[in-house]
Amino acid sequence: MADTPLLSRLRASLAIALAIALLLGGIGIGTYGEISYRAQKTREVGVQADIVASIVTAALQFDDRRAAQEYVGALAANPEVETAAIYDAAGTRFAAYMRSGATPPRAVPADGSRYESGMIVAVSPVLENGRRIGSVYLQAESEPFYRRISRYGLLALLVTMASLLVAVLGTSRAALARANAELGRRADALDAANRSLQAEMQERARVEERLRQAQKMEAIGQLTGGVAHDFNNILQVITGSLERLKRRPDAPRQDRDRGLTAALTAAERAAMLTQQLLAFSRQQPLMPASIDVNRLVLGLSTLLSRTLGETIRVDTRLALDLAPAAVDAAQLESALLNLAVNARDAMPQGGRLMIETANVELAAGAAPDGDVPPGHYVRIAVVDNGLGMTPEVLAKAFDPFFTTKPIGRGTGLGLSQVYGFVKQSGGHVEMASEPGRGTRVALYLPRADASDAAARDPDSVVSTPADLPHGTVLVVEDDPDVRAHSANLLRELGYDVLEAEDGAAALSILQAGPAIDLLFTDVGLPGMNGRELAERARRFRPHLKVLFTSGYAQEALVHGGRLDAGVELLAKPFTITRLADKLRDILPP
Amino acid sequence: MLARSGFRSAILGLLLFFAAGGPVAAQDAAPEYTIKATYLYKFGPYVSWPSGAWPPAPAPLKLCIVGTDPFGDVIDRAVRGQEVDGRAFVVRRLPRLDASSGCMIAFVSGSAAQSAAEALAAVKGEPMLTITDGAQSARDRGIINFVIRDNRVRFEIDAAAAAAAGLSISSKLQSLAVPLAGGVG
């Protein structure tokens, strides 16, 4: 219940007031009892004096002191009577009884009974035939103290206990209410703290996401120089070969073929490079999946051998039966790139970068930081023979923004990305370094179930063009050169080809009704994009096969980093081999 | 002033003397009979006579002194102003007592003319409170008989005689009486 502090305070004071009222009531009842008791006692003593007065008449009349003394002496039976005296008409004491220590007054006090300083005094006239012949004086103790105590003690005890009970109950009730209110406030505070914590966690997750992307971009930035250099080399080969062909159109066929092959090979390398860069820079959430680490390392090592510079040799030592790892591929690439960049920076005079993979089993307690469960892991080690690190630097190496590099060369986020990624993946990082000998960083990644390994790698099947089916393909491409090139390739592969420059033209061809087996369309078209074209075409040709092609993973097709179900995509640039493979998948012979 | 203060001292001394219970002989000239004189009428309120025993009010009540009068005018002075049920006393001195005397209270002391015993016998059974002084035998004793005990005037009450006379005597008075010495008459 939600008691306000005011209410609980009110309740406490109410209880105390009630207790006080109870006490006052008890005192009042006691006082009233005492007063009425006194009045009654006073009356009693007065009546007793009256009785004595009426009895003693004859004794006074006939001057019988003995009899009078007997009368007053009889009052001794009443322990409350302190003093009793009989006076004659002249006011002279005639007979008296007194308990030890008490004396009746010499002169007769005024008639009547009254309470005087703890005593009840009664004076009654002795009347005979209407004439006053004397007085009776009676003095009685109101009541012995112990008797009064015993009379009021129980009442006082009951009242006091009741008051205490009420006070205690009231205050404890109030305390309970206060505690409840306090509890309620704390619960509210906790709730608020929880909400702000959740908001903070969401914010943190967003920031971490951005940080990962930034780390990746940082790594790319580190590599940009190398990539540009590599690209220039490739372009050099291509332009050189093509120029030679142009200048010597009548060169022997053998020379011409060699030149064309060199240009094609260089262009392939360039395509692979851009593919890797694109895949790497793609912004995607952390999605642990079953990864063939060897394949990833191989792909990366070719990129690295071109980008790290000619003074650095990139070697790999891969375990043959390596188990798949359950990690996010992009993040693993990012981590390996960061490690490679660090290794390059540690080897300014050149050196050797070795990437090793292995299946390892960690026993309980094998990991130094202790939070890695024992079991089977995939280990990737990046080893260089560069400058190495001192133990002091090594100790801080994983801290964010810790860097030994000059300004402009690094942000210090690289190794912290490695560490964060591995920890998030449920793995473990080991780093060993010695100044002058080099550095070895080993990533222990959790194993994935073997069943879903390799199944999702689209590039795992390499085939040669053979047993090609025949069919009609409608090519939609706004760039006339690319359209002509694609059409030539398709014809070379044995297909009949129709061409359209945009979606509208394509639709009119389709509506015209020729038999078309495949719609091969660019995604990025002016006006109606490729996807819209496919949707509209399928309205009147529901079974029309569609193959998209794009120079970039377009949002029109890709959601959350994955292709929509049932969508076939051939990324540009593509080789004739890959085009043939794709067509064979879609249009089986 | 001196004379006056002396008088007051004397009064005070007298009062103290009484309070201390001095001997009867020291009271005044004839203290014993003065006391007895006042007792004569003081008995009245403690005795009930049969209804119709006396002439109706406002006829005075007769207090008779039969035979020798030991009181003199003390008794006349003593009863002056005294009343029982609003009826005044009148003192009668009689040589003899009989049923027709009409006395409510009769002090019987006897004389040559009629002995105390004869007088008492004459009114036996009459509603008359007979009082004697120092009688030794039952014959000479009235319903109330004065005696001296410890130097004080006390009295005996012959309850049987009172009952025979149709009188009832208050227990208050009876409680003051000394036990009958000479047996019941």
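None of the figures in this text is laboratory data; all of them are computed from the coordinates on show. Predicted model only: the values in this text are computed from it and were never measured. As a convention, Cβ positions derive from the backbone with ideal geometry for all residues, glycine included, and neighbour counts pool all protein chains shown.
Quick notes on this one:
- Net charge, B:Arg141 excluded, C-beta distance under 13 Å - Lys, Arg +1, Asp, Glu -1: -2
- Under a 5 Å amide H cut-off, with hydrogens placed 1.01 Å from N, B:Val91 pairs with B:Leu63 among residues at least 5 apart or on other chains.
- Between region B:65-124 and region A:110-141, the alpha-carbon center distance in angstrom: 38
- Backbone N under 18 Å from the A:Leu10 label point (7 Å along Cα→Cβ), restricted to region A:162-181: A:170-181
- Ranked A:Lys423, B:Lys36, B:Lys124, B:Lys172, criterion: other C-beta atoms within 10 Å, fewest first: B:Lys124, A:Lys423, B:Lys172, B:Lys36
- The distance from the alpha carbon centre of region A:1-61 to that of region A:317-333 is 97 Å, rounded to a whole number.
- Gyration tensor verdict on region B:121-185 (Cα atoms; rounded if a/c is under 1.5, prolate if a/b is larger than b/c, oblate otherwise): oblate
- Net +/- balance of residues flanking A:Ala251 in space, Cβ distance below 15 Å, scoring K and R +1, D and E -1: +3
- 13 Å beta-carbon shell around A:Phe62, net charge (K/R +1, D/E -1): +3
- Take the Cβ atoms of A:Val47 and A:Leu176, set R0 to 51 Å, and the FRET efficiency comes out at 0.35.
- Net charge dipole size for region A:64-105 [Lys, Arg +1 and Asp, Glu -1 on Cβ; Debye, nearest 20]: 120
- Taking a point 7 Å out from the Cα of A:Leu158 in the direction of its Cβ, the residues of region A:15-34 whose backbone N falls within less than 17 Å of it are A:22-34.
- Inter-chain Cβ neighbour average for residues A:87-96, partner chain, 10 Å: 2
- Within 10 Å of the Cβ of each residue in A:54-65, the mean number of Cβ atoms contributed by other protein chains is 6.
- Tensor-based shape of region A:482-557 (alpha-carbon gyration tensor, a/c under 1.5 rounded, otherwise prolate or oblate): oblate
- Seen through its C-alpha gyration tensor, with square-root eigenvalues sorted a ≥ b ≥ c, region A:51-181 comes out prolate because a/c lies at 1.5 or above while a/b is bigger than b/c.
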